[in-house]
Structures are given as C-alpha cells and as structure tokens.
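*Asks:* Structure incoming, see below.
The values are calculated or read from the model by the stated rules, or taken from the named source; none is laboratory data. All figures in this text were calculated on a predicted structure; none of them were measured in a lab. Neighbour counts run over all protein chains shown; Cβ positions are idealised from the backbone, glycine included. Keep in mind that these areas ignore ligands, DNA and RNA; they rest on the heavy atoms of the full protein, side chains included. Shrake-Rupley method; radii C 1.70, N 1.55, O 1.52, S 1.80 Å.
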Number of protein chains: 4
Amino acid sequence: MSNTFGKIFRLTTFGESHGAAIGGIIDGMPSGIRVDMELLTDDLKRRRPGQSAITTSRQETDEVEILSGIYEGVTTGTPIAFMVKNKDARSEDYKRVAETFRPSHADLTYAFKYGVRDPRGGGRSSARETIARVVGGAFAKMILKKIGVEITAYTSSIGNVAVKKHYDELDFGMIEKSMVRCPDPTTTEAMIQEIWAAKSEGDTVGGVVTCVIRNCPIGLGEPCYDKLQATLAYAMMGINAVKGFEYGSGFEGTTRRGSQENDPIYYDAEKGKIDFRTNNSGGIQGGISNGATIYFKVGFKPVATIMKEQHTIDNALQETVLKMEGRHDPCVVPRAVPIVEAMAAMVILDAYLQNCTTTGKVITPITSIEL
Amino acid sequence: MSNTFGKIFRLTTFGESHGAAIGGIIDGMPSGIRVDMELLTDDLKRRRPGQSAITTSRQETDEVEILSGIYEGVTTGTPIAFMVKNKDARSEDYKRVAETFRPSHADLTYAFKYGVRDPRGGGRSSARETIARVVGGAFAKMILKKIGVEITAYTSSIGNVAVKKHYDELDFGMIEKSMVRCPDPTTTEAMIQEIWAAKSEGDTVGGVVTCVIRNCPIGLGEPCYDKLQATLAYAMMGINAVKGFEYGSGFEGTTRRGSQENDPIYYDAEKGKIDFRTNNSGGIQGGISNGATIYFKVGFKPVATIMKEQHTIDNALQETVLKMEGRHDPCVVPRAVPIVEAMAAMVILDAYLQNCTTTGKVITPITSIEL
Amino acid sequence: MSNTFGKIFRLTTFGESHGAAIGGIIDGMPSGIRVDMELLTDDLKRRRPGQSAITTSRQETDEVEILSGIYEGVTTGTPIAFMVKNKDARSEDYKRVAETFRPSHADLTYAFKYGVRDPRGGGRSSARETIARVVGGAFAKMILKKIGVEITAYTSSIGNVAVKKHYDELDFGMIEKSMVRCPDPTTTEAMIQEIWAAKSEGDTVGGVVTCVIRNCPIGLGEPCYDKLQATLAYAMMGINAVKGFEYGSGFEGTTRRGSQENDPIYYDAEKGKIDFRTNNSGGIQGGISNGATIYFKVGFKPVATIMKEQHTIDNALQETVLKMEGRHDPCVVPRAVPIVEAMAAMVILDAYLQNCTTTGKVITPITSIEL
Amino acid sequence: MSNTFGKIFRLTTFGESHGAAIGGIIDGMPSGIRVDMELLTDDLKRRRPGQSAITTSRQETDEVEILSGIYEGVTTGTPIAFMVKNKDARSEDYKRVAETFRPSHADLTYAFKYGVRDPRGGGRSSARETIARVVGGAFAKMILKKIGVEITAYTSSIGNVAVKKHYDELDFGMIEKSMVRCPDPTTTEAMIQEIWAAKSEGDTVGGVVTCVIRNCPIGLGEPCYDKLQATLAYAMMGINAVKGFEYGSGFEGTTRRGSQENDPIYYDAEKGKIDFRTNNSGGIQGGISNGATIYFKVGFKPVATIMKEQHTIDNALQETVLKMEGRHDPCVVPRAVPIVEAMAAMVILDAYLQNCTTTGKVITPITSIEL
C-alpha cells in the first residue's frame, strides 16, 4: 500500500467505502494560511454523490471534520487531519459481492494481493476514497489562489459526444451550470442523452476530463524523473477508472512534423513577458512549466458496475453469472471533474514548494506570499 | 532536481550531454544475482546513436564501466555505480544555442528555473541522459528474467503510419530486424518512408511505442497512489519528448459502454489459472496486476531540433530566426523502444520488491528466486 | 513538518494537546494479521497520565478508535487510521503561556519557525503526541511477536539513582510492578524518593530508559546510512525530552582498547548458532543485527515545566518572571518506557520488512510468517 | 541497502574499499553557487589516511573528479557526480579475511544479510566510504558559509584523556595544528601518548568528537520525527564505529533538576536578538534550532582491527585464532573530525532548505542568498 501523495505537501489517506470514515492527514501545509472553508465544502459538494438525476442515489452529506493543524482559523504548520464519516452505507447490498469477483473491478486483485478483502462497497478500492483527494486539493488551492494560479477542469467528452471547441473559446462560468460539467450548452444536452441512453439499458459510459491551469509560474517541475508532466500523469492515472493521460498536443502531436509542433517564442513587450505563438507544448518544456497555459486530458473508462448480466467466477473458482443491483453512477465523469482539479492543485503546489529550494534568481518563494 | 527513480530498487542518475560522463547508482539491487553483461550491452546498443541511416550520426560506443557493487560477477547488495564517458562531444556546435532559446526545447525553462544553464548539447535535458535508464532497466531485467516476466516494446506508429495488428498477432522476433523496430515488415517500409520524407525537408516526425509485458505475477501495484498504471505512466511521461500514455483500451475505452469494456472472468481448468475473455483492462485492475498481459502506449512528439528556420528570442529577449545545424535524429521513436522497456522493467521490479512485504499468502517473494 | 515515521511500515501522525484528537495512519501494515486489541490498550494504559501519585493528574482514558484497515478483526493491508479524542483539556490553564515563552520549551522555536503557534497545552509539541507512537508500536509488536522478537524497556536511572545490575541479571517481570518501571525493587524505592524530592520543591528530574531487544533475527539494518543503530537513534532522539542515545558499550566503550571492546565469536554447536563471548557491540555490527541481544540507553532531561519562578520574555520581548501552574509530571521517565518500546518495535519491524527484499539466502521473508 | 542521505539536499553514494572507485551523486544542490574547490580538497586532506605517524600508512591521494553538475565553475542545479579512484589497494592482504570473520567487524553480518560479501578491505563496510560523506559535506558548507553558519568539530577525548575546557574557552585555530585535532595543546600531548601506548601493544583506542555549530538560523528542524537532534543523531550514528550521541547537556542533564537544566530567556537589546542565560538545550528546543550555539558529542569505539590474537570462527564455523596484519589506524578519532563536520553540514543545509517551504514570516529563503 502506498497511501501518501506528494513530497513536501504530502497527503496521506485512509478509509473504506463502508468503514467508519474516510479521511487523511496533510503534512507540509505552510503555516499562516487562513483556511477557506467555503472553498473546501464547495469542492466536496461538487464531488458528492446524489447531486443530480444522473448520479448515484447514495446520499452522503460528506461533512468534513478537521481534527488538527488549525488555530483560530489559520494553519499552524502542523499536520491537518480530517475525516468524513460514512453514514448511508448499506453493507447488506454487498453480500453477493463478497462471494463473487465483479468483472473489471478490484475484487480479484485485492483478494490475491492481500489474501483478505473488505467486500463492503469495494472497500478501499471504492471511489469514495477520492473525498480525501478533494480535501487535500482544496488546501492546496488556498495557497495557489494567493499565487494567482487558476485550475479549471471540465467534461470534454462523454462516450462519443465531445466538445469541439478549444478551451480558450469556452466560458468556464458555464461549467457548474451544466449537469455534466461541460461548459458548452449544446454539447451538455447531447452528453446527458448519452448518459440516459446507457442508464436506461443498465449500462454505463466513459468520457474525458480536460484540465486547464492558467497563470502557473515559470520553473515548476523537477527533471529528470519528476518532470511536471510525469507527476501530473502519476496523479491522474492514480484516480480510479482512468485509462489515459495526454498533455498539450498529446497523441495527436505524435502524427505531426517538428515544424508544426514547435512553439515559436516571442517577447511580448507590452505585457513584459516571454510568450509563445502556439502552445502545443501544453505549458511545459523539458519537464518544467514555461509560463504558458498548462492543459491536459484524462480519460475515464465506463464504470465497471453495470446492471446487466456478466460472466465471472466466485470464490470457489466456479463460473457464475452476476447481475448487480444497488446505487451506482451510470457515468463517473462529471463527478471526476473536481477530483482532477484537486490532484492538479496538489501537484502544482508541491512543485512550487520544491522549487523554493532550487535557486536564487527568479522564482517567488513561499516565504514572500502575503498571508 | 529529482534524479532518483524508484522506491526499493532505486536508480539515481547524473550527467550532461557534453560533460565528462553520463551514469548512475543503482541502490536496492538484491544480492546474489549473476550479472548478465551481454543483456546490458545489447540494450545499450539498441539505444545508441549512429545505428542506422535514420538516426543521428553522433558516434558513441557507449561502453559502460561498472565501479562498484559486484564481486566475482555477482551482485553483493551494495550500490552498483556505472558510467559511460562522453567522447564524441562537439561543443562548438552549440555556441549559437548558448545565446538563443530553441523553440520547444528545455533551454528557456532551465534558464529560468536555475538561473544558469549548460548549453552544450542541451546539458542535462539531452536525451543522452537515457543511457542511465537503459542500464538501470538492464539490471532490473536480470531479475525479471528469473521470475519469467517478458517485456517487449516496439514502434507502433510513426507520423500517420500505424501498425494495424493486435500485439498478439505480431512476431516479436521481427522487431530487431526492422530499422524502425516495428515487427510488421510492410508497415516498417512505410515508416521508413515517413522518416525520410521528414528528414529530406530538414524536419522531424513523432510516433508511438507500444509495450507488452507478459507473465507478470498477480498482485503488483500499490494502491491508492502507486497504482501500477500510475507508476508506469510516471515512468514513461518522464522520458524526453513523451506527450501521452494510455493502457489497455486507453482513450478508446472512454467511448465505450461498461458492458463492452468489462472483461469477463473465467477459470481455465487446463492451465489451472484464472483468466479473462477480453483484456480491455490491460492486465491491471484496481491498480494491481491481474495476471493477464499488461500493455500500454507511449506517444512521442517529433524531435524539437529541426533544420528549418524558426522564430524565437535570444538571451537579450530580442526576436531572432534560428536555423539549427548538427547531428540530430529525424525521429526518436525507434531508439526510444529500449528506453520504454527499461523504464517498464524498473517499475515492475520495484513493484515486485514492494509486494514482497505485503502479505503472507500468495506472492512469491524475492527470497525464493533461484539465484 | 515531518510527521511520517518509517519507510515500509510508515506511521503518519497528527494532533495537538488540546485539539479535537490525537491520532495517525499506519500504512504498510502487512495484511492477514489478527489484531491484538489487548496488547494495544495495555500499552496505551502504560503511557497514560494519571496512572499513579507520581504522574500528572490529567485524566485521559485514551480510548482508541480504529477507523479503517481492519475487517473482521484482521488487517487488510490498507491503511489503519486511529484516533484518541482529547477530553480533559483545560485550555484556560494556558492563557499565560500564550503570552510568554516558557524556558526550554518549544514555545519560542515554534513561534519563530511557523509565525503562528497553538499555545494550548503546548500544541503539537506536547508529549501527548506520543499516544500515536504507542499505537504504531503496538501494531508493529503484533508482527514481531510472531517472529519471536521481544522488546522490553525499563527505567534504569532517575536523577542520580541508577540500577547497577546488568540487564541479564534483572527480572523483567518486576517492571510493571514498579511505580517507576524499574525491575530492581530496591532501586525503585530510591527512585520514588528522588521524584518526590523534586516534586515537593516544585521541581522535576530526568533519567534514563534502557531498552533490550531479544531474539532479533540476523541481518536487519540497511547500511550505509540506515544502519540499525542510526535508525534506532533517530527514532529515540525524536521523542520529546531525549538528550542522548548510546548502544552496546556506548560512551564507556570509547575509553577502552580494541582488545577489550571486540566481541570474540564462537559457534554454539548445541544451539546450532553463532554466538559471541561478550556483547559490547550491543547486537549490531556494521550497522546490521548480529543475532545477539540488542540493547541501548535513552537519556531524558527533566521536564521543562516546573512550578518555580523562572526568568523569560513575553511576546513583546519584555523580560518577565513565569511561575507555572497546572498538572504536570515531575518525572517523565516511567511513562516514557512504553514509548521507547514502541519506537524500537517500529524500527525493528521496518528493518525486517526492508530486509525481505535484500537477498535470497538467509532471512525469513514476511510471506512465510504463520499468520 | 540505503545509500541516500537527506531529503532535499541528497547524497547517494557507492564504492568498496578495494573496488574501482568511491563516489557519489549530490542531488538537490541549489544552482548558481560558485564551487570552492579549495574547501573541498582541504576537507578531503583532513580525512585522508597517511597524514601523520599515528594514522594508517595506506597512501591515497584521494583526488576527486567531478563528473557533472557544474558549468564554468558554478553549480547548475543538476546532479553533481564525483568519484575518487582507489589506487593503493593491496587486496592480497585480505585473503585471510575472506575465510574468517573478524570480531566486531561487519564481515559476519554482511555475509548473513547478503549471502555474498566482498572481503577486500572490508568492501562497502570500510571507512573509506566516508570520502563521499566529506565531499557531500563540502558542497553543503559552500552554501552554509554564505548564510554565516560555522561548523567546527574537534577531538574532545581519546581513551581516558579528555579536554576539560568548555568549547567557548578553546581556540579553534589550534585544531589543525594538533596531530589529534584537539584544540588544547596540553591535552593533545596526553592524547598522542594514549594512542602510542595502544599502538605499541598492537591495540587500538576510542574517543569522542565534539561538534560546535555557531550562527545557525532559528527555525531549523522538522518535528515531530525529524527534530534537528534526531536527524543529527541519525547522521552521526551512521558513521562507522560510532556508539553514542548526545547534545547539549546530554546524559549529564538526565541527572539534573528542571530548575538547573532550563535555560532562562532574555532579550539582548544591544544585539537586537533573543538569547539564553545558559545553553543546556544545546541550541535546540522542541526539535528546532533556537539561535544559540548547537553542540553535541559523538562517541567512537576503538577500531576493531587489532594486531593481537583474537578468537573467532571461519566460514566453515570452525573456531580459529586470528591475528591481523596490514595498515590500520590505532585510533580513528582525529580523522573522524572532518567526517562529523561533513555530516553536520549536510543535516543543517537540508534542514535549512526544508525550512524554506514552511512559512512566510521569519526565515531567510534560499532565494535571497547573495550568490
């Protein structure tokens, strides 16, 4: 098990879907930061089940209790522990699961790896674990806001329905108004149809989240193994159900010529900053942020829990047919949007803090943030 | 800077393109393993420049010196240091580079991050750094061979030319016979044309490497942050020029329904093992290997160094036009094949060693390998 | 802040003296271990305040809640989170402290390091933090018991009163019968007098804890930086109030000749094992356990909180005289005994797990423990 | 094996006594620092064998080659690799050792841990490994000098001969003029006699090194596990032959009352800084530097290699009598002085860099150092 994320800003998490609680400890949070509880609870609400007709009907208020690390509303530099108690956990739903390995779930691999498994709600492999990621990300955002970094994710495709527009053409103010967190209203409608179509058949559907990071300082990322794209990929690929990651021009860029792909550099005298004519690099060159907008895509497979008959085996290795019941999302992508943001926030803050120790010339250190 | 890779099997590397040497230290290599120097030098040869008409003409024999950690041909459990001296380094080629930021290179970001940069051959950001990855991977392979794990990578696309066949339909014995490391002879021809077309215009072209890991034990991968796909993605995205990573059904899987994507489980009584009717999961479920073949794709952008005029700025922030000369690959993909394998080998071995401490029931520990 | 202890068996902790709770997360606990709650609660009782007339009168039942990682009484390999709620926290006692820096406390250094401090009960710097160490140690002991490792600590001196006997001459069964956790009854009486003498003057007194580890397997410890004595020293020196660490012959050994200090080796044919005529090495040679008994001493300074007038400064840098009131231990040493054991247990288990990945010849891996 | 030291400033080392070379990689060295080669070679000379009549006669010039990380005399922020080739290695001296376990050496424990051992000169367990520590420390000192931190170690006892004076009463300018690195001339004479007495009998003798760190900034150290005294202890206890560590009043402080031990605080208006009437805390409170002088003691056992007959066993477990020959130090303490300084320098710099990310109020960040 490896349940700690990050090097300087470190999130260590715990919790099973139907255990007592989900939570974590944030170590390395700089001191003197006023805690923005509204930011925290808003992000948790965006992740929560039961938000709309197209999400699971499991009802969890997901109220977070903070147990340490804050004094009179300000971070003290000591570890911040938090937990969210599990309330609406119907473990009886999972008796069947305890005896059978669900296809494309973690049941079988956990059973083989650990010799023991907690079958209630998927145990530790449940997406409910992502609550702790969102809390960690919210604390990271509290500092990033002070530096001016803006992280926004949105649903860019569901099944075969995709947003055609470039992220710069979209109105990010529309994201939270969309039931699927897609900033393009027309595409939103088609996406909802795609989800309903799947749900009506007891099926599920996948999709893609795009994440855009604006105003990231130059210099973040630690070659040669912790290139910024490598830690972003690591962060995203660790989210349940993620199958792929690409940044900048991504896989499409592999089909191009160097002369098409390279981003010409110029100096914008008016803004007093270096800029680029194109941004195929996705804001990262040589593993280090270059000051341009960082953007990347994260692909989610359809949720493995479907309400259709599936062939599998039971604990006694006998073949059997499984038909799941219970409360499950037909599409996880809209709820994954704040999780992608949270992971990105932790990666960027951690890179920022690491960069504070690198050199003496250019980068604003954590110590100069106005608290 | 973060120049250590891995948790238990740890590779720490050093070296600039035109410095004295490139090398590293492997810590955590289990003792008692007979060193297979042939495997090591073969992998280095596959990575080496100057292999064929389509690679850079820089000539480096890349002879590796091992400085420690081996006694009478056997690993002693102490750190294995190695280095490859740089010989054919023509630093005078880089005078222009010292004054100008090459588009889509690391020149600008290194300059801003560190305040200082070694412009000779790209310094630390040069792909010559990957020599050390190949050596690390070779030592990992020496143990993986004993466990029976087979790791094979190949070029699956160059520009718009792609292998259409599934990896199970390909003859991996053909890979090293192909100038571009593509196991499909017809596609090989088209790929070579694609590279020549780019080269003849002073341009470069990208592509994709597919990696296939057969016979990986069940149980490798450490949720929730070090899921096997997350550490594979981290490893691959840290290689120079990589823009994307996907495993199993990847991004295509995001367009599917759960009922199409899920892999039905069955028990193969004849082989006495659990198996799957399909392998959209790419051999990993819940972040843990499930015993099926692991496969993933790694997308490389075209090499940034082109022989065409490009707009950029110099150290004084003045706009200028840069036309590179010198010895550069028109396409890095064929030489990237052993690098992808090496990174995969280190990830799998590290996961294997971590898994030795996990439980008491199922997994073969390192201690039971016949040395 | 660095609140994670260990490499494979990792304890991450949180909590302030007068915050909501003290607790932690254990990551890397092997799966399939039946949880021994009696061992856990016994160790917590031994650490608890209010045990006897010579400890602080703060009353805390210190009941531990386990929030994750266990299913049907058995560890699942997922993180084990736990917490102990703070109940008898009288924060009003600390108003004076908030305005004044207590001599030889962490008040001043926390204030300068973090710019913010939680003055209630010393905040994070309170010895109440050691609850989490004891819980971590208890889980480590559950595995060590299966391997046969026995860890016993005892009070070997209080002020100028010291046990004269060698650890092999003492009856460890007497430790818990002694109010000061000293196995020698005569010395116990003198130690209690020493503590009462200090307490009656509003003063405090220091002392030494000796720890003895029997039946440790050969081969634990990871040179060259994680030598077993180095990680033991690191673990012990991190406990509040510890001023010194020595193992084996310790500082006394520095006055000897090599011919006196060296431990002759012989083969005990009857027991079928290698043994040593003397044990000045304290069971460790070259940083690796040699199979003999490991023993070391940990020196604790007197508690800094005294009921006498002391010269200091306040937040405005003005000199002032401070006279503390409240509930404090006149001597922390007896309650430190289980903490020293707990830290030793975590070090030994972590070394044991690391050693599972080292070689193939000698050491019993975790996988072969009878669960 | 664990051959990496430090968290942000990280030294990874390699090398056996009679292998090709000893060396390492420094990762996390801030960029823009002009390399002080004189400082580096001076420290290596102080550690070198063959310095005087009382050290081993092995002759090694210990010339260090730097392989990377420096451009035009300035650090670039990339890893600095270095090596010292082994020249005067007479492996034939060690044939006897290959068959016999030397008492109180690492021969037996390495053999059992790894199943394989390199017997030439003690292999990795040789004190020759400390060359790499000295190089790492020299780079750390290059930055610490800019911050004004002064680290000085000296021999404070050899056998039963000890310096009686307080470190503040000694003239540190005398240290390098003393053959045993003791700043007190009278004691120096007695110490030399002590060493000669041992040597003339084919024996060895131990001693203590005291280290004094002046002008350390307030705020260094990372509770609760990486308290500054804990990382110092870890660093020192990892040096070969060290048996004990204490800081400030140390073990003597355990015999005192709190009212004697506590350090009264006052404000020195003239100097404009907080200070302490006494310094029993040794410059560290709550695990964090308090601005006062840090001082600690490190106890070294007598060298295990003696020229007298010793009882031991051979590889076949047969008892035998061993009488060593060859070139060995009768007392390692004088040569250990620069090693203690080097480890202290790395600990302080690493704590300094970690502290750059902690808060925004008090500490000078790396970025504001005048380079």
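*Asks:* Which percent of the accessible heavy-atom area of chain A goes to carbon and sulfur, probe 1.4 angstrom?
*Replies:* For chain A, the apolar C and S fraction of the accessible surface comes to 48 percent.
*Asks:* Quick one: go through the stretch D:160-182 and flag any residue whose amide nitrogen is under 15 Å from the point 7 Å out along the Cα-to-Cβ line of D:SER200.
*Replies:* Output list for this probe position: empty.
*Asks:* Right, another one. Rg and Dmax of the stretch B:178-243 over Cα atoms: what are they, in angstrom?
*Replies:* 16.8, 49
*Asks:* Considering only the label points, 7 Å along Cα→Cβ from Cα, what distances in nm to one decimal separate A:ALA269 from the same position in each other copy, shortest first?
*Replies:* Between copies, matching label points for A:ALA269 lie 5.7, 8.3, 9.6 nm apart.
*Asks:* Sorting check: for C:41-48, A:344-351, which peptide has the highest mean count of neighbouring beta carbons within 10 Å, and how do the rest follow?
*Replies:* Averaged packing, sorted descending, gives the order A:344-351, C:41-48.
*Asks:* Let me ask something else about it. Given the convex hull of the Cα atoms of the protein assembly as shown, what is a quarter of its surface area in nm²?
*Replies:* Answer in nm², one decimal: 49.6.
*Asks:* Report the local net charge at B:ASN280: Lys and Arg +1, Asp and Glu -1, summed over other residues whose C-beta lies under 13 Å from its C-beta.
*Replies:* That works out to +1.
*Asks:* Right, next: Projected area of the stretch D:223-371, taken from the Cα convex hull and averaged over every viewing direction, in nm²?
*Replies:* 14.9 nm²
*Asks:* While we're here: Need one value for B:43-49: mean number of C-beta atoms belonging to other chains within 10 Å of its residues' C-beta atoms.
*Replies:* For peptide B:43-49, the averaged partner shielding equals 0.
*Asks:* Same structure again: So who's got an amide H within less than 5 Å of the one on C:SER68, skipping anything under 5 residues away but keeping other chains? H placed 1.01 Å off N, in plane.
*Replies:* Hits under the 5 Å cutoff: C:ALA81.
*Asks:* Give, rounded to the nearest 20 debye, the magnitude of the charge dipole that the stretch A:9-151 has about its Cα centre when Lys and Arg contribute +1 at Cβ and Asp and Glu contribute -1 at Cβ.
*Replies:* The dipole of the stretch A:9-151 has a size of about 340 debye.
*Asks:* Right, next: Shortest first, in nm, what separates the label point of B:GLU99 from those of the same position in the other copies (7 Å along Cα→Cβ)?
*Replies:* Between copies, matching label points for B:GLU99 lie 6.8, 7.0, 8.0 nm apart.
*Asks:* Using only Cα atoms, what is the ratio of the radius of gyration of the stretch B:45-188 to 2.2 N^0.38 Å?
*Replies:* So the stretch B:45-188 has a normalised radius of gyration of 1.32.
*Asks:* Quote the total accessible area buried by chains A and B together, excluding ligands, DNA and RNA, probe 1.4 Å, nearest 100 Å².
*Replies:* Summing both chains' loss of accessible area gives about 8300 Å².
*Asks:* Shielding of D:294-304 by partners, i.e. mean partner chain Cβ atoms within 10 Å per residue?
*Replies:* Per residue, the average neighbour count from other chains is 5.
*Asks:* I want to check the label-to-label distance for B:GLU150 and A:ARG34. Put each point 7 Å from Cα in the C-beta direction and report it in nm to one decimal.
*Replies:* With each label placed 7 Å out from Cα toward Cβ, I get 6.4 nm.
*Asks:* At 7 angstrom along the Cα-to-beta-carbon line, where would the label on B:GLY326 sit relative to the other copies? Give the distances in nm, shortest first.
*Replies:* 4.8, 5.7, 6.4
*Asks:* Moving on. Compute the distance in nm between two label points, each set 7 Å from the Cα along the Cα-to-Cβ direction, one at A:ALA269 and one at C:THR41.
*Replies:* Distance between the two pseudo-spin positions: 7.9 nm.
*Asks:* How charged is the neighbourhood of D:GLY221? Take every other residue with its Cβ under 12 Å from the Cβ of D:GLY221, and add Lys/Arg as +1 and Asp/Glu as -1.
*Replies:* Value of the local net charge: -1.
*Asks:* Hey, another quick one. Round to the nearest 10 and give me the degree value, 0 to 90, for the angle of helix D:185-200's Cα axis relative to the longest principal axis of chain D.
*Replies:* Between helix and principal axis, roughly 20 degrees.
*Asks:* Could you derive backbone 3J(HN,Hα) for the stretch A:120-128 from the dihedral phi with the Karplus parameters 6.51, -1.76 and 1.60 (θ = phi - 60°), listing whole Hz in sequence and x where the residue is Gly or Pro?
*Replies:* Karplus values, whole Hz, x for Gly and Pro: 5, x, x, x, 6, 7, 5, 5, 4.
*Asks:* Using the heavy atoms of the protein chains alone and a 1.4 angstrom probe, what is the accessible area of the stretch C:198-246 per residue in square angstrom?
*Replies:* Per-residue accessible area for the stretch C:198-246 comes out at 16 Å².
*Asks:* With the crude spin-label approximation of a point 7 Å out along Cα→Cβ, what separation in nm comes out for C:LYS87 versus D:LYS323?
*Replies:* Result for the modelled spin labels: 7.1 nm.
*Asks:* Given charges of +1 on the Cβ of Lys and Arg and -1 on the Cβ of Asp and Glu, with all other atoms neutral, how large is the dipole of the stretch C:175-311 about its Cα centre, in debye to the nearest 20?
*Replies:* That gives the stretch C:175-311 a dipole magnitude of about 120 debye.
*Asks:* From Cα pairs below 8 angstrom and at least 6 apart in sequence, can you work out the relative contact order of the stretch C:157-210, rounded to a whole percent?
*Replies:* 39 percent
*Asks:* Here is a further query. Identify, among D:PHE245, D:SER2, D:ALA153, the residue whose Cα sits farthest towards the positive end of the charge dipole of chain D, taking +1 on the Cβ of Lys and Arg and -1 on the Cβ of Asp and Glu, with the dipole about the Cα centre.
*Replies:* About the Cα centre, the residue reaching furthest to the positive side is D:SER2.
*Asks:* Projected onto the charge dipole of the stretch A:290-363 (+1 at Lys/Arg Cβ, -1 at Asp/Glu Cβ, origin at the Cα centre), which of A:PRO302, A:VAL321, A:ILE339 gives the Cα projection farthest towards the positive end?
*Replies:* Of the listed residues, the answer is A:ILE339.
*Asks:* Now a separate question. Looking only at other chains, what is the average number of their beta-carbon atoms within 10 angstrom of each beta-carbon in C:115-124?
*Replies:* Mean partner shielding for this stretch: 6.
*Asks:* If you take all C-alpha pairs in chain D, what percent of them are over 37 Å apart?
*Replies:* Every Cα pair in chain D considered, those over 37 Å come to 22 percent.
*Asks:* Continuing with this model, one more query. Please give the net charge around C:ASN262, taking every other residue with its beta carbon less than 12 angstrom from that of C:ASN262, where Lys and Arg add +1 and Asp and Glu add -1.
*Replies:* Overall, the nearby charge balance is +2.
*Asks:* Given a Förster radius of 30 Å and the C-beta distance between A:GLU176 and A:THR278 as r, what FRET efficiency does 1/(1 + (r/R0)^6) yield to the nearest 0.05?
*Replies:* 0.50
*Asks:* Compare the peptides B:154-165, C:164-175, D:329-340, C:186-197 by average per-residue count of other Cβ atoms within 10 angstrom and give them in order, highest first.
*Replies:* By packing density, highest mean first, the sequence is D:329-340, B:154-165, C:186-197, C:164-175.
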